[in-house]
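These notes are about the structure you will find just below.
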Amino acid sequence: MLPERSNVLHSWCVQADWNAPTIVGGQGARFWDEAGHSYLDMSSLAECMNLGHQHPRLIRAIQEQAQQLCFVNSSWGAAPRRALAQRLLEISGFEGGRVFFTLGGADANENAVKFARQASGRPQGKVVARDRSYHGASYATMAWSGDSRTRVSPADESFSVLRVPPPYAYRCPYGTASDAECAARNVEHIGAVIGQEGAENVAAVLMEPNAGTNGIVAPDNFWPALREQTRRRDVYLIADEVMSGFGRCGEWFAWQEYGEAGRPDLMTLAKGLTGAHIPLGAVILAKHVAAKLEHSMLNTGLTYCGHPLACAAGVAAIAAYQDEHLIEHSRRLGGVMLQRLRAMQDRHAVIGDVRGAKGLFAIVELVKNRETREPLSPWPAMHPSLARFVSLARERGVSFAVRGNLIILAPPLVIEENELERALDIMDALLGELDFT
Ligand SMILES: Cc1ncc(COP(=O)(O)O)c(C=O)c1O
């Protein structure tokens with residue numbers, strides 16, 4: 001058989017450089033390739049396999065639904081779709097709200113903005129989004145993302161983005177020395193940008209409450225202050241919970257850490273919604289937003305939106321998170337992981353910053369000089385020793401995700417403590433062995 005690199009286009013890479021092993025199986029926090037080499041998965045592949053690999057409950061739900069009925073389009077009702085919407089509204093507390101199902105995270109974000117524009121009566125309304133953010137790889141979500149990977153030109157204008165800095169306290173764009181002050185200044189800045197544009201020209205603020213592939217972990221005061229600011233300025237707040245949702249940040253959804261003070265107007269989901277066992281995304285609309293859409297035409301939808309196989313998997317996923325206490329487990333092991341990473345920081349001068357959410361999500365940022373915080377490589381380039389770190393870790397049986405100067409730790413929530421400790425031991429050893437100068 002031809003090697004995969006000869007007949008498949010792979011995302012986010014130079015095709016000529018792609019040369020990955022073929023994965024043929026997995027279980028829990030591990031997966032293995034066709035040569036029989038097994039890897040502990042420290043990134044849940046694409047920060048999406050929150051339930052681990054091959055969760056039996058998900059497989060069973062998909063099989064049973066496939067046997068019963070594979071497809072119904074949205075002109076008809078579908079039992080698993082109704083059941084999943086009900087469960088999502090329960091766990092998010094969006095009583096009286098509505099759920100729109102999508103195929104993944106990008107189209108969830110696109111649809112959330114469509115809904116915000118329609119519900120606010122601002123059809124051309126702009127989207128406030130951050131530098132160093134990622135919301136998907138469709139054209140619109142690429143334009144809203146402030147990421148080196150998704151810089152699309154000249155589409156930015158037509159997709160109407162108002163770009164603001166992130167609450168990146170380690171390198172605070174406002175030069176503050178305190179996390180809380182950095183976040184407060186950032187929220188003021190966002191408010192000023194909305195004020196300058198005129199709220200009547202802004203459809204929504206689209207942001208992640210917490211975790212993100214771009215390595216930002218927002219200070220604790222950021223999200224509630226943003227919520228307050230957007231409410232005061234009469235602009236919808238869309239929480240992109242594609243990565244931060246489903247236990248990744250120690251709650252069902254990251255905004256829930258702040259209780260009602262963090263509740264967005266809309267939120268978008270994917271990844272952990274089915275633990276990536278089958279593609280599915282969703283937009284949850286609060287009651288007051290959904291009510292505004294009740295009597296007007298909804299010009300959106302793709303053939304497979306709300307696919308029964310995916311919705312059945314979503315219902316099973318929620319049951320698995322609950323019955324296996326995975327959100328609590330994520331919170332507890334997230335604390336263990338953060339402690340271990342901070343101890344590593346004491347030993348390895350190359351670690352400039354360690355930041356973590358309240359669950360199994362942490363970022364380790366590498367620097368040339370801890371005093372000056374000079375980046376190890378200019379963003380988004382990667383130091384050759386970090387690339388070497390990834391390949392040596394794989395040889396030793398651990399798969400890590402890295403980006404620029406960041407090591408992104410987001411293992412499946414089903415990971416056992418001894419597996420986590422083992423992966424961190426290997427990380428610790430490699431940081432000591434490799435030369436980062
Ligand atoms: C925060 C965030 N939003 C949106 C997306 C896009 O999701 P998808 O790849 O399912 O379209 C991602 C994917 O990594 C993400 O991390």
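Bear in mind that the values in this text are calculations on the coordinates, not laboratory data. Owing to the predicted nature of the structure, the values given are computational and were not obtained by experimental measurement. Neighbour counts are summed over all protein chains in view; Cβ atoms, including those assigned to glycine, are modelled from backbone coordinates with ideal geometry.
Given the Cα-Cα distance of Val336 and Ala429 and 0.36 nm per residue of separation, how much length would full extension add, in nm? Write down the numbers at each step before the final one.
Values: separation 93, 0.36 × 93 = 33.48 nm, distance 1.79 nm.
Stretched fully, the Val336-Ala429 segment lengthens by 31.7 nm.
Expressed in units of 2.2 N^0.38 Å, where N is the residue count, the Cα radius of gyration of the range 251-303 is 1.38.
Restrict the search to the range 56-141; then list the chymotrypsin sites (Phe, Trp or Tyr not before Pro) that DSSP places in a loop and that have at most 16 other Cβ atoms within 10 Å of their Cβ. Working shown, then result.
Details: sites: Phe71, Trp76, Phe94, Phe100, Phe101, Phe115, Tyr134, Tyr139; in loops: Phe71, Trp76, Phe94, Tyr134.
Of the chymotrypsin sites (Phe, Trp or Tyr not before Pro), the ones in loops of the range 56-141 whose Cβ has at most 16 other Cβ atoms within 10 Å are Phe71, Trp76.
For the chain, what is the charge dipole size about the Cα centre, in debye to the nearest 20, if Lys and Arg each add +1 at the Cβ and Asp and Glu each add -1 at the Cβ? Don't skip to the end; give the middle numbers.
On the way: 43 positive and 48 negative charges, 141 e Å.
In debye, rounded to 20, the chain gives about 680.
Loop-resident GluC sites (Glu not before Pro) (DSSP state other than H, G, I, E or B) in the range 233-320 with no more than 14 further Cβ atoms inside 10 Å of their Cβ: Glu294.
What percentage of all Cα-Cα pairs in the chain are separated by more than 44 Å? Intermediate values should be presented prior to the final figure.
Details: 7960 of 95266 pairs.
More than 44 Å apart: 8 percent of the Cα pairs in the chain.
Cross-link reach is defined here as a Cα-Cα straight distance under 22 Å, omitting same-chain residues fewer than 8 places apart; for Lys287 the lysines meeting it are Lys114. Summing charges over all other residues whose Cβ lies under 14 Å from the Cβ of Arg331, with Lys and Arg as +1 and Asp and Glu as -1, gives -2.
Two decimals is fine: what is log10 I(q)/I(0) at q = 0.18, 0.24 Å⁻¹ for the range 128-208, from a Debye sum with one equal scatterer on every Cα and no solvent? So the normalised log intensities work out to -0.76, -1.12.
Within the chain, the cysteines lacking any other cysteine Cβ closer than 4.7 Å to their own Cβ are Cys13, Cys48, Cys70, Cys249, Cys305, Cys311. Rg and Dmax of the range 102-151, both derived from C-alpha coordinates alone, stand at 10.9, 32 Å.
At a Förster radius of 56 Å, what calculated FRET efficiency corresponds to the Cβ-Cβ distance of Gln196 and Leu302, to the nearest 0.05? Walk me through the intermediate numbers first.
On the way: r = 36 Å, r/R0 = 0.64.
It comes out at approximately 0.95.
With Cα atoms defining each centre, the range 171-222 and the range 391-437 are spaced 30 Å apart in the structure. Scanning residues 5 or more positions from Asp131 or on other chains, those with amide H under 5 Å from its amide H are Val164, with H placed 1.01 Å from N in the peptide plane.
Phi angles of the range 320-336 translate, via the Karplus equation with coefficients 6.51, -1.76, 1.60 and θ = phi - 60°, into HN-Hα couplings of 5, 4, 6, 5, 9, 6, 6, 6, 5, 4, 4, 5, 5, 6, x, x, 4 Hz per residue; Gly and Pro are given as x.
Sequentially through the range 277-283, phi angles give Karplus couplings (6.51, -1.76, 1.60; θ = phi - 60°) of 6, 6, x, 6, x, 7, 10 Hz, Gly and Pro residues having no value and appearing as x. Look at Val289, Val193, Val14 and count the other Cβ atoms within 10 Å of each Cβ; fewest to most, that gives Val14, Val193, Val289.
Of the peptides 271-279, 344-352, how do they stack up when ordered by the mean number of other Cβ atoms within 10 Å, highest first? The partial results should precede the final answer.
Numbers: 271-279: 26.2, 344-352: 17.2.
Highest to lowest by the protection proxy: 271-279, 344-352.
The smallest convex shape that holds all Cα atoms of the range 13-86, its convex hull, gives 168 Å³ per residue. Note on Lys126: aspartates and glutamates with a C-alpha under 15 Å away, same-chain residues under 8 apart excluded, are Glu110, Asp156, Glu157, Glu197, Glu200, Asp234. Length available on full extension from Trp12 to Arg394: 0.36 nm per residue minus the Cα-Cα distance, which gives 135.6 nm.
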